[in-house]
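K.L.:
Structure incoming, see below.
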Amino acid sequence: MERYLRYLRKSRMDTDFDDVSVEETLKRHRTILDKFCQERHLNVVETLEEVVSGESLSSRPKMLRLLELVNTGMYAGVVCVDIERLSRGSSLESGYIMQILQTNNCKIITPSKIYDLQNESDEQFTDMKFMFSRYELKTITKRFVRGRNQSAAEGKFLGSMAPYGYRVYKLPGVKGNSLKIEPEEAKIVRMVYDMYGQQGTGYNTIAYQLNEMHIPSRTGTWGQTSIANMLNNEVYLGKIRWGREPVKRVVSDGKLVKKRISNDSYQVYDGVHEPIITQEQWDTAKNRQKERGHTSVNSNREIRNPFASVLFCEKCGAVMKRNVPSKKQKTAPWYRCPTRGCNCRAIKCDLAEDAILEAMREWLKEYTIEVETDQSQKTNPIDTALSIVREQIEQLQAQQDSACEYLEKGIYTVEMFTKRNDVLSRELRDLRASEADLLRKRESKEDGQNAEKEIIPAAQKLLDSYQQLTILEKNKLWKMVLEKVTIYRTPEGEISLHIYPKLPKKV
């Protein structure tokens, strides 16, 4: 019996323009498809549901899983309410989805029409449907953005997570959300503003003292960044800031992804929520920032650390900070652990860099030898097992054909044939499941080999031309080849270092 997959998707963005909740919409779609599949006797073996925009394939894990299943070649079709559920994204992504379905002879089945992509007219019609879906998405997005801009101007809160000191609540009688003060957290916010503005206490010291007092933050522990963000957030003044970190679509490593960028010319509106601090507290904190040269975090600043987001303290796990000496200090830049109380000593940047490069050279040399040894062993156990399973499938199919012949010749009674065919069918199902499992394993191994083909040359390029690369190029290559680097310098001055390449050690 042919096997089918069922896919349901609903975008939360659509709920801004109708009164039906996401859950109700998915339930309604599920009911429609249940009835349709029952009437058509479709053998649906797996249902995949997600609540996400159809704009970006990279943010749709269930769709990626569906394409992975389709690629096994074991499914006759994908059942959905309408073709727009599959994609509303770019022509590149909708084309990729169509290619996977077409290559595996997998139909798109909707209650209104069945699309056979092997048929030229159906293929062209599907292209047109995807094109109209993209146009509709753009229209919805414009309305969505216009509505959110208006809500921000009205002082409503549009974020998904309330800042520390507040909780999100639904405004009574009108559409939209606002913020409600959490009294205990609000005390901490005021204390932070007073510690920084009135007492002149620095970011790190404030974070350390809050942790020492066992005051929990939303993320577990307090750090320099969380304190800086609190002291630069106008929401505590009863304001709503809008457009501070807009999302921009960029191409990264050949994929279309969304990235937040910093925007200094964002809008600030009067909010409908109550402020936690006074204007005087805000102004005092701002003046203190000017005196100290403190500014809000700017994600667009030029990168100066080749190991940004790569180098961690081996003792406590914190990201190592790169410090630059002032003009009066006659020393080189150094890395330090920002955790208060951690006894990891500061490490000169050039010493750390040389040690990491040497560790990378040793790893690459060892890994290359293992790859060559692995390639000399031609036998692939997965291919061998796959060959045996497929041979067994052919034998069982031949036995089924023979059983049919025996029935036609009268050698088998209907009862004998049914009993024998049931046994053979069960064995075939088990073998086909084993075949699919082996195919997934082989695909996983091939993915690892493809990653190897990318990472090994990147590591070689990094080592061969390291001195000629810019800081940004070094950082990109380090992030490509390494999960992380951990480093620790003992009070006696000894350095311990471990690198964690993205390719696992061969066994």
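K.L.:
Would you check which residues across the range 175-199 are in contact (Cβ under 8 Å) with a residue 60 or more places away in the chain, over 21 Å from Ala228 (Cα atoms) and basic (Lys, Arg) and list them?
P.N.:
Scanning the range 175-199 gives a single hit, Lys180.
K.L.:
Related question: Only one of Lys142, Lys175, Lys180, Lys138 is part of a strand (DSSP E or B) and out of contact with any Leu (no Cβ under 9 Å at 6 or more places or on another chain); which?
P.N.:
Lys180
K.L.:
Restricting attention to the range 274-289, which residues are assigned to a helix (DSSP H, G or I), over 37 Å from the mean Cα position of the chain (by Cα) and without any contact (Cβ under 8 Å) to a residue 24 or more places away in the chain?
P.N.:
Listed by number, the residues that qualify are Glu280, Asp283.
K.L.:
Please give the number of the condition Pro338 fails out of (1) at pLDDT 85 or above; (2) under 20 Å from Asn204 (Cβ atoms); (3) touching a strand residue (DSSP E or B) at 6+ places or on another chain (Cβ under 7 Å).
P.N.:
(1)
K.L.:
Given the criteria more than 22 Å from the chain's Cα centre (by Cα), open to solvent by 70 Å² or more (accessible area, probe 1.4 Å) and among the polar types (S, T, N, Q), does Asn105 qualify?
P.N.:
Answer is yes for this residue.
K.L.:
Which of the residues belonging to the range 302-318 are out of contact with any strand residue (DSSP E or B) (no Cβ under 6 Å at 6 or more places or on another chain), at negative phi and open to solvent by less than 80 Å² (accessible area, probe 1.4 Å)?
P.N.:
Once the filter is applied, which keeps residues that are out of contact with any strand residue (DSSP E or B) (no Cβ under 6 Å at 6 or more places or on another chain), at negative phi and open to solvent by less than 80 Å² (accessible area, probe 1.4 Å), the range 302-318 yields Ile303, Pro306, Phe307, Ala308, Cys313, Cys316, Ala318.
K.L.:
Tell me which residues, restricted to the range 378-402, are modelled with pLDDT of 80 or more and of a type in the set (A, V, I, L, M).
P.N.:
Within the range 378-402, Ile388, Val389, Ile393, Leu396, Ala398 qualify.
K.L.:
The conditions are (1) surrounded by fewer than 16 Cβ atoms within 10 Å (Cβ to Cβ); (2) over 30 Å from Thr278 (Cα atoms), and Arg134 fails exactly one of them. Which is it?
P.N.:
It fails just one condition, (1).
The values are calculated or read from the model by the stated rules, or taken from the named source; none is laboratory data. Because the structure is a prediction, the values reported are computed rather than measured. FYI the Cβ positions are ideal-geometry reconstructions off the backbone, even for glycines, and counts take in every protein chain you see. Just so you know, the surface numbers come from the protein's heavy atoms only, side chains and all, with ligands and any DNA or RNA stripped out. Shrake-Rupley method; radii C 1.70, N 1.55, O 1.52, S 1.80 Å.
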